[in-house]
Amino acid sequence: MAIRPRMRPTFEIPMKVDGTRTMARIAARLEKGTRRVTGQVVGGHAYLGIPAEQQSLLSPHLNLQLLERGGRVVLHGRFGPRPNVWTGFMAVYGVLALSGLGGLMLGWAQTTVDEYPWGFWLVPASVALIAFVYGAAVIGQGLTQDEMYTLRHFVDRMVAGDEREEPLCEHEEGAEPAAGG
């Protein structure tokens, strides 16, 4: 089964406890310093990223939050681009959507005065450009997949085995060791 790209990929780690030790462990590790991950922790929220000197335009950030779901606590993570890049993408989507709406209104007005309704052509052009921008975002995710892996691996290391509801795959009992390792 192929993994379908999502605009802002998410994951959840079910916790046995309230997760405050995990957040404290993340905060301590970030304060101690690491070459691969930077960020900050405030209460039940954490914001992780790649160090500035290693970032590219499309480098992801990871937002972590402790949530209660069905009487259990989960560590919810959501990947996304840096806030300024996300705002830029949303601004482009907004301009393209408004251009399509403007083209629709112009085309309608042109038909009411018996002119050729060329304004309607702005609608499919806007939709095509929105699809192009979405495709660029998906390509950007593919280009930064190793950075997303680095952030997720950091989180997996910070969640201790006795806090995690479900063990990591390589730590399950009876699991075969990975080939080559």
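Tabulated data
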{"quantity": "Some residue of region 8-16 being over 17 Å from the mean Cα position of the chain (by Cα), assigned to a strand (DSSP E or B) and not β-branched (Val, Ile, Thr)", "calculated": "yes"}
{"quantity": "Residue in region 31-52 that is in contact with a Pro (Cβ under 7 Å, 6 or more places away or on another chain), hydroxyl-bearing (Ser, Thr, Tyr), assigned by TED's automatic domain parsing to the domain that holds TYR149 and at pLDDT 90 or above present", "calculated": "yes"}
{"quantity": "Residues of region 90-123 satisfying the condition of being small (Gly, Ala, Ser) and within 22 Å of ALA137 (Cα to Cα)", "calculated": "ALA91, GLY94, ALA97, SER99, GLY100"}
{"quantity": "Of the criteria (1) within 19 Å of the chain's Cα centre (by Cα); (2) exposed (fewer than 13 other Cβ atoms within 10 Å of the Cβ), which one GLY161 fails", "calculated": "(1)"}
{"quantity": "Checklist (1) among the β-branched types (Val, Ile, Thr); (2) under 30 Å from LYS16 (Cα atoms); (3) loosely packed, with under 13 Cβ neighbours inside 10 Å applied to THR87, failing item", "calculated": "(2)"}
{"quantity": "Those residues of region 6-54 which are under 22 Å from GLY161 (Cα atoms) and touching a Ser or Thr at 6+ places or on another chain (Cβ under 8 Å), in sequence order", "calculated": "MET15, LEU30, VAL37, GLY44, LEU48"}
{"quantity": "Qualifying positions in region 17-44 - exposed (fewer than 13 other Cβ atoms within 10 Å of the Cβ) and in a strand (DSSP E or B)", "calculated": "VAL42"}
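Rundown of residues vs (1) part of a helix (DSSP H, G or I); (2) among the charged types (D, E, K, R); (3) free of Cβ contacts under 8 Å to residues at least 60 places away in the same chain, yes/no style:
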site	(1), (2), (3)
GLN65	no, no, yes
LEU75	no, no, no
SER99	yes, no, yes
TRP108	yes, no, yes
GLU115	no, yes, yes
ALA125	yes, no, yes
ILE130	yes, no, yes
GLY135	yes, no, yes
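The values are calculated or read from the model by the stated rules, or taken from the named source; none is laboratory data. All values derive from a computational prediction rather than experimental measurement. In this analysis, Cβ positions are derived from the backbone assuming ideal geometry, glycine residues included, and neighbour counts consider all displayed protein chains.
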